[in-house]
Amino acid sequence: MWLGCRLHRVERVPTTEHALTEQQARLLDLDPGTIVRRREGWLMPLTDRRGGLHLAAITSLVYEPRLDLDDDASALLSAGTHPLGALVAGRRTTMAAYHVSPQLSAHEDAPGDPWMPATLPDLPGDVPALRSVGFLHHAGVPFALAAETVYQVGFDRVDVAAVDTYLAPLLAGGGVA
């Protein structure tokens, strides 16, 4: 459940192998050059099977040996149809999050993410609203880095009164004070 919606994930491009840079390796407590899975996908409402309503685009670098997945879960990770959070119990730590100007794409407005490789560009109909970068971990051990662009359409569907008081100004378009 995310932004009031049950989700499914759709791959933007097939999962590939990625060699960690020095900065990425430091954040994941691994050696530079370690091979991880690079996943590029959209989060979409479970009810939208046509693929038109993108709530968010997510690029993640996943070090699978730390996930302790059974064969079925590993196959689902490879298939790219499930959000990582649906397969693995873990916590997210956000390193940076900021509101994206509606006049600019998330990529034009981004201050640069030296720990994440360049993400794919937004599609013309996807209006970015929020960008965040963080990592996922369990028992203090990081297993993935993630860069997310949340699109305005997702916030338009949320009941602002039911949301945490810190997020409410962002959802209402007021930004963070």
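The values are calculated or read from the model by the stated rules, or taken from the named source; none is laboratory data. These numbers come from a predicted model, not from an experiment. Methodologically, a virtual Cβ is constructed for each residue, glycine included, from the backbone with ideal geometry; neighbour enumeration extends over all protein chains shown.
Quick test of your reading of the structure: T16 fulfils all but one of (1) surrounded by fewer than 19 Cβ atoms within 10 Å (Cβ to Cβ); (2) in contact with a helix residue (DSSP H, G or I) (Cβ under 9 Å, 6 or more places away or on another chain); (3) assigned to a strand (DSSP E or B). Name the failing condition by number.
Evaluating T16 over (1) surrounded by fewer than 19 Cβ atoms within 10 Å (Cβ to Cβ); (2) in contact with a helix residue (DSSP H, G or I) (Cβ under 9 Å, 6 or more places away or on another chain); (3) assigned to a strand (DSSP E or B) leaves (2) as the failure.
Output the residues belonging to region 55-76 that are under 19 Å from R6 (Cβ atoms) and more than 12 Å from the chain's Cα centre (by Cα). Steps first, answer last, please.
Looking only at region 55-76, we keep the residues that are under 19 Å from R6 (Cβ atoms), and these are 55-58, 73, 76.
Correct list: A73, L76.
When the residues of region 43-78 are narrowed to those that are among the hydrophobic types (A, V, I, L, M, F, W, C), surrounded by fewer than 20 Cβ atoms within 10 Å (Cβ to Cβ) and at pLDDT below 85, which ends up farthest from T21 (Cα to Cα)?
So, considering only residues that are among the hydrophobic types (A, V, I, L, M, F, W, C), surrounded by fewer than 20 Cβ atoms within 10 Å (Cβ to Cβ) and at pLDDT below 85, the one farthest from T21 (Cα to Cα) is L46.
Looking at region 12-34, is at least one residue over 15 Å from P142 (Cβ atoms), in contact with a Cys (Cβ under 8 Å, 6 or more places away or on another chain) and of a type outside the set (D, E)?
No, region 12-34 contains no residue that is over 15 Å from P142 (Cβ atoms), in contact with a Cys (Cβ under 8 Å, 6 or more places away or on another chain) and of a type outside the set (D, E).
Cβ-Cβ under 7 Å, sequence separation 6+ or interchain: first residue in region 29-49 and without any contact (Cβ under 8 Å) to a residue 12 or more places away in the chain, partner not in a strand (DSSP E or B). Which pairs?
Within 7 Å, the pairs are D31/A25.
If you check P121, P142, P102, P114, which single one turns out to be under 18 Å from T34 (Cα atoms) and either in a helix (DSSP H, G or I) or modelled with pLDDT under 85 (or both)? So that I can check it myself, show each step before the final result.
Numbers: P121 fails: under 18 Å from T34 (Cα atoms); P142 fails: either in a helix (DSSP H, G or I) or modelled with pLDDT under 85 (or both); P102 fails: under 18 Å from T34 (Cα atoms).
Step by step, each of P121, P142, P102, P114 is checked, and only P114 is under 18 Å from T34 (Cα atoms) and either in a helix (DSSP H, G or I) or modelled with pLDDT under 85 (or both).
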